[in-house]
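First up is the structure itself, then whatever we jot down about it.
The values are calculated or read from the model by the stated rules, or taken from the named source; none is laboratory data. As the structure is a computational prediction, the values presented were derived from the model and not from experiment. Backbone-built Cβ (ideal geometry, glycine too); neighbour counts: all protein chains shown.
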Amino acid sequence: MTEPPAARPIGVFDSGIGGLSVLQALRHELPHEDFVYLADSGNAPYGDAKGEAFVQQRTLAIARWLRAQHGIKALVVACNTATAAAVERLRATLPDLPAIGVEPALKPAAACSQTHHVGVLATRGTVGSARFQRLLAAHSAHTRFAVQPCDGLARAIEQSTEEPLPATESAAKIRALCAQYTGALGLFGLKTGEMDTLVLGCTHYVFAKDALRALVGPDVQILDTGAAVARQTRRILTQAGTLADEQADAEGSIRLYTTGRLDALQAAAGRWLDLPAACCSALPADGGRSGP
Ligand code: DGL
């Protein structure tokens, strides 16, 4: 790559379309940056049963592909499951590529919960990781966290983009899973003993927020990490001196790739980011020559 580092794109990836919730926040915080997003939907979900070794292997392959093909100047791992399984290995393996991870918002939840009782929804992979257990231990001194692994929920959210709107079948499935998992957490509300805060510990779940809001009621705070990750990305680029020119008139570009179904990525990009279908391309999921 001969381009100066500031002019290079930021890579963003997730097991699928969940990381678009982070890309939304990145675009808002850093409108002059170019972004290249990879949805590994051909291998999603990562968090139900794939295991750490598989997620590490995919994370490294995707990071290398984004760097070789697009010359990315930094990588946002917009996936809690991949961050938990692979961000340390990624940093050790590619030390010259700044990597920004995401983690469930337990710290802000502990700081703002008035009832000191917080619900957390995340994938089984995230919940079972050593990284999450350390985070939980670090913030449990004054706050009780109820933690629920949500098998099937990220998959149902992926499926909702494969179905034409109004996506009735997957919407019903998403509602049923959200009801099952919030029900398993316990009672939500502002009274003593109730959970007044719900942490979305998976980037996909942001796209189920309406269903979750209907279940936990209007007073409960629902926290995700998109905005905080976008601010952290700004700090990292500023420190590295690679922030794009913020005086430029034009906004940055966005390219999206998927290892899954192109029509599903196009539907998600249109519904949630208002992006045209032409921004999206499909890649092979199996490490073929043109894909990660
Ligand atoms: N979006 C991902 C996360 O934040 C993972 C969903 C999955 O593939 O299981 O954890």
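As for region 114-126, it holds no residue that is among the small types (Gly, Ala, Ser) and without any contact (Cβ under 8 Å) to a residue 24 or more places away in the chain. Considering the conditions (1) closer than 22 Å to residue 55 by Cβ; (2) modelled with pLDDT of 90 or more; (3) over 19 Å from the mean Cα position of the chain (by Cα), residue 256 is excluded by exactly one of them, (3). Each residue in region 176-210 was checked for being outside any loop (DSSP other than H, G, I, E, B), touching a residue at least 40 places away in the same chain (Cβ under 8 Å) and more than 16 Å from the ligand (Cβ to nearest atom), and 5 of them qualify.
Checking the structure you have, find out if any residue of region 117-129 is assigned to a loop (DSSP other than H, G, I, E, B), modelled with pLDDT of 95 or more and not β-branched (Val, Ile, Thr).
Step one: filter region 117-129 for residues assigned to a loop (DSSP other than H, G, I, E, B), giving 123, 128-129.
Imposing the further condition that a residue be modelled with pLDDT of 95 or more reduces the set to 123, 128-129.
If we keep only those that are not β-branched (Val, Ile, Thr) as well, we get 128-129.
For region 117-129, residues assigned to a loop (DSSP other than H, G, I, E, B), modelled with pLDDT of 95 or more and not β-branched (Val, Ile, Thr): present.
Just so you know, in region 78-95 the residues that are in a loop (DSSP other than H, G, I, E, B) and farther than 21 Å from residue 43 by Cα include one that is nearest to the ligand (Cβ to nearest atom), and it is 94.
Restricted to region 130-156, and to residues there that are in contact with a Lys or Arg (Cβ under 7 Å, 6 or more places away or on another chain) and part of a helix (DSSP H, G or I), the residue that is surrounded by the most Cβ atoms within 10 Å (Cβ to Cβ) is 156.
Let's see how each residue does on (1) part of a loop (DSSP other than H, G, I, E, B); (2) touching a Ser or Thr at 6+ places or on another chain (Cβ under 9 Å); (3) closer than 27 Å to residue 40 by Cα:
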| site | (1), (2), (3) |
| --- | --- |
| 236 | no, yes, yes |
| 239 | no, no, no |
| 242 | yes, no, yes |
| 247 | yes, no, no |
| 251 | yes, no, yes |
| 265 | no, yes, yes |
| 268 | no, yes, yes |
| 275 | yes, no, yes |
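Among the conditions (1) over 12 Å from the mean Cα position of the chain (by Cα); (2) part of a strand (DSSP E or B); (3) within 13 Å of the ligand (Cβ to nearest atom), the only one that residue 36 does not satisfy is (3). Going by the conditions given, is residue 25 within 15 Å of the ligand (Cβ to nearest atom), closer than 21 Å to residue 149 by Cα and assigned to a helix (DSSP H, G or I)? Taking the combined requirement at face value, the residue does not satisfy it.
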